[in-house]
Amino acid sequence: MAAADARAAAIDAFARRHRFRALEAVPWLLALAAYGVFPGYLPLGAQILATILFVLSADLVLGYAGIVTLGHAAFFGTGAYTAGLLAANGWGEPLSGLVAAALIAGLVGFLSGLIILRTTGLALLMQTLVVATTLYEAANKAGRWTGGDDGLSGMVVWPIFGVFRFDMFGRAAYTYSLAVLFLGWLLARQIVHSPFGRSLTGARENTARMHAIGAPVAQRRLIIYTISAGLAGVSGALIAQTTSFVGLTSLSLERSGNALIMLIIGGVGRLYGAFIGVPLFMIAQDRFSKADPVYWYFWLGLLMVAVVIFARGGVLGIFERLWKWPGK
Amino acid sequence: MGGTLAAILSIGFHGLAFAMVLYLISVGLSVTMGLMGFVNLAHGVFAMLGGYVMTGLMNRYGVPFLAALALAAIATALVSIPLERLLYRRFYGGEELDQVLLTMGLIFMSVAGATYLWGPLTQHMEPPHWLAGQVDLGFRSFPAYRSFLILCGGLLVIALWLGLERTRFGAQIRAAVDNLRMAQSVGINTSRLFMLTFALGSGLAGLGGGLGADLLAITPSYALQYLVYFIIVVAVGGLGSIRGPFFAALFIGIADTAFKYWLPGLGAFFIYALTMVLLLWRPQGLFGRA
Amino acid sequence: MAGEMTAPALETRGLSKSFGALSVASNIDFRLEQGARHALIGPNGAGKTSFVNLVTGALRASGGTIYLNGADITALGQAARVKRGLVRTFQINALFRRLCVLENVTLAVAERNGVGGDLLRPSGRYRAIIDEAYGLLETLGLADQALLPVNALAYGRQRLVEIAVALGLQPKVLLLDEPAAGIPSGESSVIISMIKRLSSDIALLIIEHDMDLVFRLARQITVLVQGRILVEGPPEAIAADPRVRDVYLGERERR
């Protein structure tokens with residue numbers, strides 16, 4: 001009987017890895033608490049929530065598929081402009097704007113992934129940069145539609161469900177962003193724990209072995225790239241809708257780079273890195289970069305160098321080492 | 001002289017000048033990436049440093065042009081050595097993400113540092129009086145400074161290519177790029193090779209940055225602003241190649257100039273589109289190893 | 001019956017591969033019979049692993065054709081060949097080192113069952129797959145370490161995981177690349193007995209240096225030298241063949 005018990009116990013433990021743990025409720029409780037505790041910071045809070053979704057989508061590509069990209073903002077910006085253009089041209093319904101953004105950004109992700117994911121390493125990094133820069137230039141040149149340098153203005157976003165108006169207090173914006181982030185997180189979590197997600201983790205561990213067990217690695221990478229692009233598009237649309245503005249910076253190298261920074265601060269490939277890195281970064285940025293942009297840049301750069309040298313796994317990596325948290 | 005012919009000559013001339021600057025700056029990056037397997041996004045910082053040192057020496061201390069240029073190159077090469085020894089070495093052949101983040105952090109620090117030291121405005125460079133004005137070649141006259149740039153660049157290119165082929169150092173580089181382990185087992189001190197190659201590449205970048213100060217404006221965000229250019233030159237030319245980036249730089253220089261003249265605003269698209277197509281067809285670049 | 005021809009499990013005709021002037025495989029005509037216990041031996045650099053890479057599709061051939069159970073698979077990619085039952089192990093462990101032993105095998109079993117790409121359900125819900133994988137671990141004596149990360153196991157045990165992963169794919173043709181490599185010869189008995197217990201449905205090709213293992217397991221031996229087949233035959237014939245002795249003797253002399 002002992003062997004059968006051991007067998008059942010082992011299989012059970014393995015099969016239950018995906019179950020929700022109590023600790024996972026913490027970010028949501030904190031987010032809900034913040035609504036009550038910081039009523040004056042809700043607009044910033046909404047931005048943080050939307051950016052978490054963006055960085056989460058980047059984690060899927062970077063941490064799980066192992067694709068180093070300097071151009072993830074391409075999808076963010078595509079989603080932002082999609083929602084923005086809809087709202088500036090008569091269709092301000094927010095939820096359908098999100099859907100449109102997801103679809104179009106996902107399409108851009110699919111097409112660009114189809115083209116560039118055949119390469120690896122530096123060539124791939126290059127390609128991601130080129131794709132994003134091309135879109136940036138396109139948005140810049142199409143000033144008539146996008147507003148170019150000045151950004152897209154004249155966005156009119158309708159109230160959610162016709163009831164909840166976006167106002168300067170940011171209440172609707174915050175709850176809206178929180179709800180969308182929650183759904184996006186559920187999706188990401190689902191993917192990560194699915195056989196598909198596990199096979200991506202396997203491919204990162206040992207690509208040759210993955211091929212040798214008959215997995216269509218390239219196809220799976222393209223799929224996650226597309227899904228990630230869609231999520232990034234949604235996050236861009238969120239910010240566009242909650243701020244009623246879309247600028248060229250939504251497509252910029254800086255935005256792509258910041259996503260990487262926030263992710264590595266939190267910890268790559270651990271699903272929750274975004275939840276830690278984004279608030280830390282954005283709150284620090286909000287406080288320090290306005291005070292003295294030069295110092296901000298310097299210390300940020302230094303932090304990045306320090307993290308790479310001493311704390312590769314970011315905050316979550318440090319936790320893992322300290323508390324021997326369950327790994328993969 | 002016919003309008004179109006004059007335009008073509010002009011474009012060829014200015015495009016070549018631009019190409020020279022791009023090449024001088026990027027060749028070091030190509031070798032670093034190919035030789036050490038290190039994605040050094042911060043390479044533009046060396047070009048920027050060279051530009052600042054040269055303009056600083058000339059504008060503030062009245063150092064003559066050629067001396068300032070030489071000092072800029074040397075200073076940049078010297079600065080690069082501790083950076084390579086202390087920091088970069090730990091990441092050779094390592095995770096790409098680490099290298100990207102490390103060098104991006106360095107770029108940020110350079111932007112802040114340059115703003116702090118020299119302020120946010122563009123540094124101007126006055127060409128020396130013997131290079132001001134035009135050079136009359138009979139059928140046409142060309143700006144003297146750019147002519148000097150092309151001549152200088154050309155000589156350096158030839159020196160580089162000859163050096164690669166004829167000197168022992170060049171042979172060591174070629175061997176190590178081709179097969180690092182083999183080169184090590186043959187007794188080449190690859191660690192020292194890396195250091196010297198890095199210094200040489202950085203010095204050249206500093207030289208290029210200084211020479212090209214009126215083409216690529218010297219501002220604190222230099223390394224970020226022109227990053228895409230340098231990377232395209234290297235990716236299209238082929239990592240580890242010394243010849244490849246030259247042709248890539250030529251392509252970019254002339255295309256960029258031509259478009260600025262005939263179809264302003266579309267030059268960037270053309271270059272990006274062609275880069276994408278080329279990297280799809282040959283991901284290792286024109287002269288890179290498959 | 002006398003006239004009946006069953007296709008060999010694996011066959012290559014004129015298989016060649018060269019990198020420029022360097023040829024790693026020249027015109028190899030090779031047959032692996034159904035249910036074979038076949039060994040491929042040869043001195044270092046003979047091209048044995050290259051042969052495996054060519055056959056599995058990890059390396060693209062310069063010329064020749066490859067047949068799996070009579071079907072031409074030359075144009076197929078690696079994943080497609082695996083789906084048809086052509087499975088290999090690696091000479092140096094190529095496992096998912098930070099994943100647990102059980103997951104290494106479930107990944108393979110999931111792929112074989114065509115659910116490796118499922119997005120909608122958590123992998124833990126696929127009980128049948130986990131059961132099957134666990135069962136394999138039990139057969140190989142690895143069950144008590146099922147939840148440990150692979151890199152926590154001794155190298156010899158990792159070698160067994162390597163084989164478990166391969167078996168999870170239900171191979172029709174199994175290519176074992178030096179299964180005992182890296183294991184002290186005293187401990188290789190576990191591997192040997194496991195190989196002996198393999199089903200006779202599986203056609204087995206073992207690449208080995210360990211002559212002891214080869215002569216105990218193989219019914220047919222092929223000797224590969226510099227990318228060419230030198231000689232083929234049953235173990236006694238190979239052991240007695242002077243050319244084979246020369247090849248190995250020559251190698252010893254060169255050292």
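The values are calculated or read from the model by the stated rules, or taken from the named source; none is laboratory data. None of these values were measured; they are calculated from a predicted model. In this analysis, Cβ positions are derived from the backbone assuming ideal geometry, glycine residues included, and neighbour counts consider all displayed protein chains. Side chains are part of the model used for accessible areas, which takes the heavy atoms of the whole protein and leaves out ligands, DNA and RNA. Shrake-Rupley method; radii C 1.70, N 1.55, O 1.52, S 1.80 Å.
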Self-check item: Neighbouring partner chain Cβ atoms per residue of A:216-224, average, 10 Å criterion
Solution: 2
Quiz item: Listed highest first by mean packing, meaning other Cβ atoms within 10 Å per residue, what order do A:275-283, C:43-51, B:131-139, A:261-269 come in?
Solution: A:261-269, A:275-283, C:43-51, B:131-139
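Count, for each residue of B:16-26, the Cβ atoms from other chains sitting within 10 Å of its Cβ, then give me the mean as a whole number. Could you put the intermediate results ahead of the total?
Values: counts 0, 0, 0, 0, 0, 0, 0, 0, 0, 0, 0.
The mean count of partner-chain Cβ atoms within 10 Å per residue comes to 0.
Between rounded, prolate and oblate, where does the range A:30-250 land on the alpha carbon gyration tensor, with a ≥ b ≥ c its root eigenvalues, rounded for a/c under 1.5, else prolate if a/b exceeds b/c?
Oblate, since a/c reaches 1.5 and b/c is not below a/b.
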Quiz item: What shape does chain B have by the C-alpha gyration tensor, where a ≥ b ≥ c are the square roots of the eigenvalues, rounded means a/c under 1.5, and otherwise prolate means a/b greater than b/c and oblate the rest?
Solution: prolate
Quiz prompt | Within a Gaussian network of chain C (alpha carbon springs, distance under 10 Å), most fluctuating of C:ALA154, C:ALA143, C:ALA75 | solution = C:ALA154
Exercise. Please find, in a Gaussian network model of chain C (springs between Cα atoms separated by less than 10 Å), the residue of C:THR12, C:THR139, C:THR65 whose mean-square fluctuation is greatest.
Key: C:THR139
Quiz item: What shape does the range A:88-148 take by its C-alpha gyration tensor, where a ≥ b ≥ c are the square roots of the eigenvalues and a/c under 1.5 counts as rounded, a/b above b/c as prolate, and the rest as oblate?
Solution: oblate
Self-check item: 17 Å Cα-Cα reach of B:LYS260 towards aspartates and glutamates, excluding residues that sit fewer than 8 places from it in its own chain
Solution: A:GLU137, B:ASP214
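Provide the buried accessible surface between chains A and B in square angstrom, both chains summed, 1.4 Å probe, rounded to the nearest 100. It would help to have the intermediate numbers written out before the result.
Details: alone 17060 and 13910 Å², together 27510 Å².
Using a 1.4 Å probe, the pair buries roughly 3400 Å².
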Self-check item: List of the range A:1-28 residues, accessible area with partners at least 30 Å² below that of the chain alone (1.4 Å probe)
Solution: A:ARG7, A:ALA10, A:ILE11, A:PHE14, A:ALA15, A:HIS18
Exercise. Kindly identify residues of the range A:185-201 having a loss of at least 50 Å² in accessible area between the isolated chain and the assembly of all protein chains, probe radius 1.4 Å.
Key: A:GLN190, A:PRO195, A:ARG198
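Relative contact order for chain C using alpha-carbon pairs under 8 Å, separation at least 6, rounded to a whole percent?
RCO, chain C: 27 percent.
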Self-check item: Accessible area in square angstrom per residue, the protein assembly as shown, 1.4 angstrom probe
Solution: 43
Quiz item: With charges only on Cβ, +1 for K and R and -1 for D and E, what is the dipole size of chain B about its Cα centre, in debye, rounded to 20?
Solution: 520
Self-check item: Accessible carbon and sulfur surface of the protein assembly as shown relative to its total accessible area, %, 1.4 Å
Solution: 63
Quiz item: Across the residues of C:97-110, average count of Cβ atoms on other protein chains within 10 Å?
Solution: 5
Quiz item: Sorted by average packing, counted as other Cβ atoms within 10 angstrom per residue and highest first, what order do B:222-232, B:117-127, A:230-240 take?
Solution: A:230-240, B:222-232, B:117-127
Quiz item: Tell me: how much accessible area in total is hidden between A and C, 1.4 Å probe, Å², nearest 100?
Solution: 3300
Quiz item: Can you list the residues, at least 5 places off or on another chain, whose amide H is less than 5 Å from the amide H of C:VAL24, using H built in the peptide plane?
Solution: C:LYS17, C:SER18, C:PHE19
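With a cut-off of 8 Å between alpha carbons and a minimum separation of six or more residues, what is the relative contact order of the range B:1-89 in percent?
After rounding, I find 18 percent.
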Quiz prompt | Ellipticity estimate at 222 nm from DSSP helix runs (n ≥ 4, -39,500 (n - 2.57)) divided over chain C, nearest 500 | solution = -10000 deg cm²/dmol
Quiz item: If the limit is 22 Å between Cα atoms, which of C:LYS17/C:LYS48; C:LYS17/C:LYS83; C:LYS83/C:LYS196; C:LYS48/C:LYS172 go over it?
Solution: C:LYS17/C:LYS83; C:LYS83/C:LYS196
Practice problem: Can you check what the Kirkwood hydrodynamic radius comes to for the protein assembly as shown, Cα pairs only, in Å to one decimal? | Solution: 30.3
